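Read through the structure below, which is laid out as structure tokens, and then see the notes.
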Amino acid sequence: MSPYALSMLMSSLAVGTVVTLSSHHWFLAWMGLEINTLAIIPLMTKMHHPRATESATKYFLTQATASALILFSTTINAWMTGEWTIMNMTNPTPTVILTLALAIKLGIAPFHLWLPDVLQGLNMLTCLILSTWQKLAPMALMMLTSHQLNTNLLIAMALMSTIIGGWGGLNQTQMRKIMAYSSIAHLGWMILVISFAPSLALLNLLIYLVLTSSMFLMLMTLNSTNTNKLSISWLKTPTLAASMMVTLMALGGLPPTSGFLPKWLILQEMTKQHLGTLSALMAMSALLSLFFYIRLSYTISMTSPPNISNSSLTWRKKKNLTYLIPILIIMSATMMPITPTLLLLN
């Protein structure tokens, strides 16, 4: 792809997200979401492969459906209230339609089926953008309207997302599908607490962005797209392979990594809201995700590749490691000490 076309598409992605984040009017927010969708589709199809075309088609159809539902719900709300303001979603019918539309946009269960298939047909960089940057605008709209959304519907979708996200990743060998199910499970934790404490949902989103970005950047550096290639990563870059194990434990939410912080605070908030049974179910569903993260760590550290090399390091093209990876790895592992500060702010 031409550098000029790539820069135009990336700037369009940034503009679309910023327009949605800074708008108070529903039509402007919808327009920002559309710019986002139209800007990422050429990035999806730049590989000129049937799987990439299939992924772009599936993504376009699901996002177009969600955008149509958002426009439909906001039009009904404007017809009933006489306002297009984002913060004024008082009627239950457009609010439920909006919740379902944003769930389709984000890939929250039971509207998650498009996400693993779409990610599987893309390259790692586009998967990174789709799993991180493309979540910002819909999640911002959900946070803005969180005090008016149906709490029972959000809780049901959150529990379903964490269970499906953990269960779906158990039998996968492709890293992109595993990361897709990981994204579904993390989104379930975010929307669980969004009605009770939006600040905790924002914290969870920020830590999710750090962990997912570091994981995809390491997979891109090691050129590992499945578990078989992951098993020879120790021969390529031992330090990066060890760092990937720490990031996987953080994604699973094991203490003392950063991934434990949002889960701990969310379960504490749910207990304060007298939702003990729900907290127990969420904690048990997190064990499903933790199992396949531990399985990946086992694959990296304790399994031999199918073709064992006699040399200590495999032949590889020299790659310049970006300075962003060490920073993200450190953030993935060492954000637990700021917990008292976050508790005081909350």
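Here is a list: PRO326, PRO306. Which entry is at pLDDT below 90 and either open to solvent by 90 Å² or more (accessible area, probe 1.4 Å) or more than 24 Å from SER214 (Cα to Cα) (or both)?
Of the residues listed, the single one that is at pLDDT below 90 and either open to solvent by 90 Å² or more (accessible area, probe 1.4 Å) or more than 24 Å from SER214 (Cα to Cα) (or both) is PRO306.
Only one residue in SER279, SER233 is of a type in the set (S, T, N, Q) and touching a residue at least 40 places away in the same chain (Cβ under 8 Å), so which one is that?
Exactly one residue qualifies, and that residue is SER233.
Condition first: closer than 22 Å to LEU230 by Cβ and part of a loop (DSSP other than H, G, I, E, B). Now tell me which residues in the range 245-257 satisfy that.
The answer is GLY253, LEU254, THR257.
So which helices (runs of 4 or more DSSP H) stay within the range 1-94 end to end and still have 3 or more residues that are under 15 Å from MET142 (Cα atoms) and touching a Phe, Trp or Tyr at 6+ places or on another chain (Cβ under 7 Å)?
So the answer is 50-81.
Taking the range 246-268, which residues are of a type in the set (S, T, N, Q), open to solvent by 10 Å² or more (accessible area, probe 1.4 Å) and farther than 20 Å from LEU281 by Cα?
THR257
Quick one: how many residues across the range 60-71 are surrounded by fewer than 19 Cβ atoms within 10 Å (Cβ to Cβ) and among the β-branched types (Val, Ile, Thr)?
1
Condition test on ILE86, is it open to solvent by less than 10 Å² (accessible area, probe 1.4 Å), within 21 Å of GLY16 (Cα to Cα), touching a helix residue (DSSP H, G or I) at 6+ places or on another chain (Cβ under 7 Å) and modelled with pLDDT under 95?
Here the answer is yes, as ILE86 does meet what is asked.
This table checks each residue for (1) touching a Phe, Trp or Tyr at 6+ places or on another chain (Cβ under 9 Å); (2) open to solvent by 40 Å² or more (accessible area, probe 1.4 Å); (3) at pLDDT 95 or above.
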position	(1), (2), (3)
LEU144	no, yes, no
LEU149	no, no, no
ALA158	yes, no, yes
SER161	yes, no, yes
LEU170	yes, yes, no
GLN174	no, yes, no
SER183	yes, no, yes
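Cβ-Cβ under 9 Å, sequence separation 6+ or interchain: first residue in the range 141-155 and of a type in the set (Val, Ile, Thr), partner surrounded by fewer than 18 Cβ atoms within 10 Å (Cβ to Cβ) and part of a helix (DSSP H, G or I). Which pairs?
As it stands, the answer is ILE155/LEU278, since those pairs meet every condition given.
In this structure, is LEU288 under 26 Å from ILE194 (Cα atoms) and either open to solvent by 10 Å² or more (accessible area, probe 1.4 Å) or among the charged types (D, E, K, R) (or both)?
Spelling it out, LEU288 is indeed under 26 Å from ILE194 (Cα atoms) and either open to solvent by 10 Å² or more (accessible area, probe 1.4 Å) or among the charged types (D, E, K, R) (or both).
Where residues in the range 108-123 are outside any loop (DSSP other than H, G, I, E, B) and open to solvent by 20 Å² or more (accessible area, probe 1.4 Å), which of them is farthest from GLN172 (Cα to Cα)?
Taking the candidates together, the pick is TRP114.
Could you please give the count of residues in the range 190-230 that are touching a residue at least 60 places away in the same chain (Cβ under 8 Å), more than 18 Å from ALA180 (Cβ to Cβ) and not in a helix (DSSP H, G or I)?
2
Do you know which residues across the range 54-83 are out of contact with any helix residue (DSSP H, G or I) (no Cβ under 6 Å at 6 or more places or on another chain), free of Cβ contacts under 8 Å to residues at least 24 places away in the same chain and of a type in the set (Val, Ile, Thr)?
If the condition is that a residue be out of contact with any helix residue (DSSP H, G or I) (no Cβ under 6 Å at 6 or more places or on another chain), free of Cβ contacts under 8 Å to residues at least 24 places away in the same chain and of a type in the set (Val, Ile, Thr), then THR57, THR75, THR81 are the ones that fit.
Across the range 72-83, what is the number of residues that are open to solvent by 90 Å² or more (accessible area, probe 1.4 Å) and within 16 Å of LEU28 (Cα to Cα)?
1
The values are calculated or read from the model by the stated rules, or taken from the named source; none is laboratory data. Predicted model, so just to flag it, every value in this text is computed and none were measured. Every residue, glycine among them, receives a Cβ derived from its backbone with ideal geometry; neighbour counts consider all protein chains shown. Quick note on the areas: whole protein, heavy atoms, side chains included, nothing else; ligands and nucleic acids left out. Shrake-Rupley method; radii C 1.70, N 1.55, O 1.52, S 1.80 Å.
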